[in-house]
Amino acid sequence: MIKAGIIGATGYAGAELVRILTAHPKAEIAAISSVSFEGKAISEVYPAFYKLNDMVCGDADAVVEKSDVVFAALPHGLSQELAQKCFDKGRIFIDLGADFRLESEAEYKEWYGGEYLNKELHDGSVYGLPELFRDRIKGKKIIANPGCYTTGVPLALAPAVAKGLVDTTGIIADCKSGVTGAGRGLSQNTHYPDLNEGFHPYKVASHRHTPEIEQTLSHLAGEKVRITFVPHLLPVNRGILSTCYARLKDGSTKEMIRAAYEEFYRNEYFVRLLPDGAAADIHNIKYSNFCDVSLHMDERTGTLVAVSAIDNMVKGAAGQAVQNMNILFDLDEKTGLDFMPPAF
């Protein structure tokens, strides 16, 4: 059995890791940690886990000592020293934060206000979006697990961008997220009276996920890609819907787009390309590791509208992290993640 440890187990992404790994047939949770709830059982923080997982939260050093693979579900700026400890002890480190996602230190400093503590450590890390970079993940010790928007947007656009069927200028990503994406901490924007029955954009054209999305699309396109990215906050717990607009290149047709997506995702279990006429919906992917993609064409303006739906806590966080673990330990990627979304 793989011994898995979770640092930051009482945040939303950490708790989702506990939920998924508790039922994983090839892994067992060796230790968990939490600064806010050290000494308390995870089931005291999340009563849904009572008698299913009653592990007590310890400290981060104990997690590193007891684990083969360490998941860090922490805010940005807190993972680099932990990654170094894991690397020195030969542990695999899967970071659900942003510290290893950007290849450019200048961009990391611009968007996150931090610096690389060990450049070689960053050079040896890999961006863990399996459907796009699977071959780069195997054999690595430090995995930068993508975030929620940075999973949904690239998966919506990847085949069209990679096949050169759309212009790489003027791409718009219009996204809507459930409130769990804001984390467990309290804020005025997520206060129930302000959130309920409301719907608003935030960090318009200035969200920190922008350079990460551009980095992924640039790799696929083979040229620098710039996007306009606008996230919105939905008054629901889970889910991200990404509606992406890209201008078709001359000669690109609806049939060519459809064929490119079918070929690109033919062997990808977790990407469900919906039939013509269907629309991706966050209702249909809740609590699952699936990404549903639907394709729409505005033939009047020559615009591809590609829509993706993911659960931001699963495919956008914990589920994708476990998918990466499965790759690193030569397991079927579906192991521990092959659960059906609820019908209602």
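Calculate the translational D of segment 27-98 in whole µm² s⁻¹ from Stokes-Einstein, where the hydrodynamic radius comes from the Kirkwood formula applied to all Cα pairs, the temperature is 37 °C and the viscosity 0.692 mPa s.
Once the numbers are plugged in, D ends up at 257 µm²/s.
Counting Lys +1, Arg +1, Asp -1, Glu -1, what net charge surrounds Tyr269 among other residues with beta carbon under 15 Å of its beta carbon?
Net charge around Tyr269: -2.
What whole number of Å gives the distance from the Cα centroid of segment 291-344 to the Cα centroid of segment 10-80?
24
Using the crude model of +1 on Lys and Arg Cβ and -1 on Asp and Glu Cβ, and no other charge, please compute the dipole size for segment 204-263 relative to its Cα centre, in debye to 20.
220
Please compute the length gained on full extension between Glu110 and Ile172, using 0.36 nm multiplied by the number of residues separating them and subtracting their Cα-Cα distance.
20.1 nm
Using 21 Å as the Cα-Cα cut-off, could you pick out the over-long pairs in Lys109/Lys224; Lys224/Lys249; Lys89/Lys119; Lys3/Lys286?
Lys3/Lys286
Compute the distribution of all C-alpha to C-alpha distances in the chain, in bins of 10 Å from 0, and list the percent of pairs in each, rounded to whole numbers.
Result returned by the calculation: 6, 26, 35, 24, 8, 1, 0.
Between Phe199 and Phe339, what is 0.36 nm times their sequence separation minus the Cα-Cα distance? Round to one decimal in nm.
47.4 nm
If you place +1 on the Cβ of every Lys and Arg, -1 on the Cβ of every Asp and Glu, and leave all else neutral, what size is the dipole of segment 149-311 about its Cα centre, to the nearest 20 Debye?
300
Towards the positive end of the charge dipole of the chain, with charges on Cβ (+1 Lys, Arg; -1 Asp, Glu), say which of Ala72, Phe100, Tyr50 has the farthest Cα.
The one lying farthest along the dipole's positive direction is Tyr50.
Kindly work out what percent of the DSSP beta bridges joining two residues of segment 149-311 are antiparallel, to the nearest 5.
70
Please figure out what share of the DSSP beta bridges in the chain is antiparallel and state it in percent, rounded to the nearest 5.
45
Which translational diffusion coefficient, to the nearest whole µm²/s, is obtained for segment 103-165 from the Stokes-Einstein equation, given a Kirkwood hydrodynamic radius over C-alpha pairs, 20 °C and 1.002 mPa s?
Translational D for this selection: 160 µm²/s.
Along the charge dipole of the chain, pointing to its positive end and built from +1/-1 on Cβ of Lys, Arg, Asp and Glu, which listed residue (Gly113, Leu220, Asn289) has its Cα farthest out?
Comparing the listed Cα positions along the dipole, Asn289 ranks first.
Place a +1 charge on the Cβ of each Lys and Arg in the chain and a -1 charge on the Cβ of each Asp and Glu, then give the dipole magnitude about the Cα centre in debye, rounded to the nearest 20.
Its charge dipole is roughly 240 debye.
If we count every other residue with Cβ under 14 angstrom of Glu110's Cβ, Lys/Arg +1 and Asp/Glu -1, where does the sum land?
With Lys, Arg at +1 and Asp, Glu at -1, the neighbours total -3.
Compute log10 of I(q)/I(0) for segment 149-311 with the Debye formula, placing one identical point scatterer on every Cα and leaving out solvent, at q = 0.09, 0.20 Å⁻¹, to two decimals.
For the requested q values the scattering log ratios are -0.29, -1.31.
Bear in mind that the values in this text are calculations on the coordinates, not laboratory data. Every value quoted in this text rests on a predicted model; they were computed, and no experiment measured them. Virtual Cβ from ideal backbone geometry, glycine too; neighbours counted across all protein chains shown.
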